[in-house]
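Below you'll find the structure, written out as structure tokens, and then a few comments.
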Amino acid sequence: MLKIVLAAVLLVLCAYIGFAVERFYKTRLRMLEEYSEFVRYAKRETEFLKTDLVALLTSFECCAELKEAFTAAAALVKEGKPVEISGKYLTDKAFAEIRAFLAAMSEADYYGKNAVLKHAEEVAAELTAKAGKDKIQKGELIRKLMILLGVGLVVLTI
């Protein structure tokens, strides 16, 4: 009886870890897709309405993780400090690109923003494509392997 309970606990634990890893990669992909949408939103707003960066950051609706980073960045831009954002889901390269984009947007004039936005669109597309690939290659694979590991542990314990 104890072996069956132990086997069930091991199976559930392995499956939970697999699903948690997959959720991490899904969240990363969703954040980068929303960042890409933010770049397109910023391009529309700056081209037609000449909206400043603080208004862009505060008015854009997105997931909670990215919204926290944008709110903190808006406060730093208001104070005139360098933009610093961080989090647990995105890679250091992605955060560096986002910081560089926000810093360039806060310093560029109206005509310079077009070049910054064009570059940011390209980078966001690359980051999103890589995150999509990672979600499939790493997230889904790890989930499946963890479930198989759990089944293997069940077989070994019983």
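The values are calculated or read from the model by the stated rules, or taken from the named source; none is laboratory data. None of the values given here were measured: they were computed from a predicted structure. We place every Cβ from the backbone using ideal geometry, glycine too, and count neighbours over all the protein chains shown. Just the protein is used for accessible areas: all its heavy atoms, side chains included, with ligands, DNA and RNA removed. Shrake-Rupley method; radii C 1.70, N 1.55, O 1.52, S 1.80 Å.
Summary of values
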{"quantity": "Meets criteria (without any contact (Cβ under 8 Å) to a residue 12 or more places away in the chain and part of a loop (DSSP other than H, G, I, E, B)) for Lys81", "calculated": "yes"}
{"quantity": "Which listed residue, of Glu140, Glu65, Glu97, is touching a residue at least 24 places away in the same chain (Cβ under 8 Å), of a type in the set (Asp, Glu), in contact with an Asp or Glu (Cβ under 7 Å, 6 or more places away or on another chain) and assigned to a helix (DSSP H, G or I)", "calculated": "Glu140"}
{"quantity": "Some residue of the range 51-62 being within 17 Å of Ala103 (Cα to Cα), open to solvent by 60 Å² or more (accessible area, probe 1.4 Å), at pLDDT below 90 and of a type outside the set (Gly, Ala, Ser)", "calculated": "yes"}
{"quantity": "Candidate set: the range 33-50, residues that are without any contact (Cβ under 8 Å) to a residue 60 or more places away in the chain and not charged (D, E, K, R); chosen: the one surrounded by the most Cβ atoms within 10 Å (Cβ to Cβ)", "calculated": "Phe38"}
{"quantity": "Matching residues, the range 69-86, being loosely packed, with under 15 Cβ neighbours inside 10 Å and either among the β-branched types (Val, Ile, Thr) or touching an Asp or Glu at 6+ places or on another chain (Cβ under 7 Å) (or both)", "calculated": "Thr71"}
{"quantity": "Among the residues listed as Ala120, Ala108, Ala100, the single one being among the aliphatic types (A, V, I, L, M) and surrounded by 17 or more Cβ atoms within 10 Å (Cβ to Cβ)", "calculated": "Ala120"}
{"quantity": "Given (1) open to solvent by 40 Å² or more (accessible area, probe 1.4 Å); (2) under 16 Å from the mean Cα position of the chain (by Cα); (3) in contact (Cβ under 8 Å) with a residue 40 or more places away in the chain; (4) within 15 Å of Val39 (Cβ to Cβ), number of the condition Tyr89 does not satisfy", "calculated": "(4)"}
{"quantity": "Test: Ile142 is modelled with pLDDT under 95, aliphatic (A, V, I, L, M) and either open to solvent by less than 100 Å² (accessible area, probe 1.4 Å) or under 30 Å from Lys3 (Cα atoms) (or both)", "calculated": "no"}
{"quantity": "Single unsatisfied condition, Ala7 versus (1) within 30 Å of Leu153 (Cβ to Cβ); (2) open to solvent by less than 20 Å² (accessible area, probe 1.4 Å); (3) free of Cβ contacts under 8 Å to residues at least 12 places away in the same chain", "calculated": "(3)"}
